[in-house]
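*Asks:* Pasting a structure here, questions to come.
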Amino acid sequence: MVEIGDTIVSFDLFEQQFCCDLDICKGQCCVEGDAGAPLEMDEIAKLEEVLPVIWNDLSEAARKVVDAQGVAYSDAEGDLVTSIVNRRECVFSYIDSAEGVCKCAIEKAYHEGKTSFYKPISCHLYPIRLKKFKDFTAVTYHRWSVCSCAETKGHKLQLPVYKFLKTPLIRRFGEAWYKELEEAAKAYEAEFNK
């Protein structure tokens with residue numbers, strides 16, 4: 001682990017390699033699982049704000065869930081997460097019929113210039129997970145079987161997790177934090193390759 005500001009970063013971000021391979025996984029991270037994506041408190045208002053913009057992209061089942069319980073709920077551990085359909089699929093997901101891939105309706109609206117909100121930071125950062133403690137935030141790598149093809153592609157490309165997720169890491173922690181992360185990665189690599 002390495003300390004950067006008020007974060008403790010797992011060496012897995014330097015050691016593990018990752019690159020999403022939607023041609024193989026088809027976006028299963030938006031469908032599989034037993035809870036929605038983790039949310040930060042301020043993201044609830046952003047999700048509610050973007051809802052009218054993406055409403056027509058949501059499935060009928062997703063609309064019913066949102067009508068019944070809203071955009072989020074507390075999971076079994078008491079964490080705030082996106083609402084899901086049938087205890088698995090994120091309400092904000094849709095199938096891109098041209099590619100046969102499950103994608104995020106919020107991200108689609110962002111790319112179409114309809115919203116300034118990209119998507120929840122936990123989704124943008126995945127497979128990195130954040131866990132807040134009293135004095136620091138742990139930044140860790142989460143392994144999940146549905147992403148094994150991303151690990152394979154990452155190994156082929158020799159792309160460490162922290163490089164693959166540069167944009168969301170900067171979005172969450174800022175440029176200065178990311179520069180420190182890069183320096184820590186260089187120092188770790190130099191030590192590891194002795």
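Coordinate-derived values only; no laboratory data. Quick caveat, the model's predicted, so the values are computed rather than measured. Methodologically, a virtual Cβ is constructed for each residue, glycine included, from the backbone with ideal geometry; neighbour enumeration extends over all protein chains shown.
*Asks:* Which one, Lys179, Lys134, Lys166, has the greatest fluctuation when you compute a Gaussian network model over the chain with C-alpha springs under 10 angstrom?
*Replies:* Comparing Lys179, Lys134, Lys166 in the GNM, the peak value goes to Lys134.
*Asks:* Do any trypsin sites (Lys or Arg not before Pro) in region 29-97 lie in a loop, going by DSSP, with at most 16 other beta-carbon atoms within 10 Å of their beta carbon, and if so which?
*Replies:* Sites meeting the loop and neighbour criteria: Arg87, Arg88.
*Asks:* Separate question: Can you give the extra length, in nm with one decimal, that the chain gains between Asn56 and Leu22 once fully stretched, where that is 0.36 nm per residue apart less the Cα-Cα distance?
*Replies:* 9.9 nm
*Asks:* If you don't mind, another one. How long are the semi-axes of the equivalent ellipsoid of the chain, defined as square roots of 5 times the Cα gyration tensor eigenvalues? Whole Å, largest first.
*Replies:* Values for the chain, descending: 30, 19, 15 Å.
*Asks:* For region 53-114, which GluC sites (Glu not before Pro) are both in a DSSP coil and crowded by at most 14 other Cβ atoms within 10 Å?
*Replies:* Glu77, Glu99, Glu112
*Asks:* Listing Thr82, Thr152, Thr7 from the residue with the fewest other Cβ atoms within 10 Å to the one with the most, what is the order?
*Replies:* Thr152, Thr7, Thr82
*Asks:* For the chain, modelled as a Gaussian network with Cα springs under 10 Å, which listed residue fluctuates most, Ile121, Ile54, Ile170?
*Replies:* With Cα springs under 10 Å in the chain, the top fluctuation among Ile121, Ile54, Ile170 is at Ile170.
*Asks:* For Glu182 and Lys131, calculate 0.36 nm times their separation in residues minus their Cα-Cα distance, and state this gained length in nm to one decimal.
*Replies:* The span from Glu182 to Lys131 would gain 16.3 nm if fully extended.
*Asks:* Still on this structure, I have one more. Name the residue, out of Ala105, Ala45, Ala62, whose mean-square fluctuation peaks in a Gaussian network model built on the chain with Cα pairs under 10 Å.
*Replies:* Highest fluctuation of the listed residues: Ala45.
*Asks:* So if each residue of separation counts as 0.36 nm, and I subtract the Cα-Cα distance between Glu48 and Ala68, what length gain in nm does that give?
*Replies:* Fully extending the segment from Glu48 to Ala68 adds 5.8 nm.
*Asks:* Let me ask something additional. Let me see the pair-distance distribution of region 1-58: every alpha carbon pair, 10 Å bin width, integer percents in order.
*Replies:* That works out to 15, 24, 40, 19, 2, in percent per bin.
*Asks:* If you don't mind, there's one more thing I want to ask. What does the charge dipole of the chain about its Cα centre add up to, to the nearest 20 debye, if the Cβ of each Lys and Arg holds +1 and the Cβ of each Asp and Glu holds -1?
*Replies:* 260
*Asks:* Kindly put Asp21, Asp42 in sequence by how many other C-beta atoms sit within 10 Å of each C-beta, fewest to most.
*Replies:* Asp42, Asp21
*Asks:* May I ask you to give the average projected area over all directions of the convex hull of the Cα atoms of region 26-118, in nm² rounded to one decimal?
*Replies:* Over every viewing direction, the Cα hull of region 26-118 projects on average to 5.8 nm².
*Asks:* Divide by every residue of the chain the summed helix terms, -39500 (n - 2.57) for each DSSP H run of at least 4, and state the resulting mean residue ellipticity at 222 nm, rounded to the nearest 500 deg cm²/dmol.
*Replies:* One gets -11500 deg cm²/dmol as the mean residue ellipticity at 222 nm.
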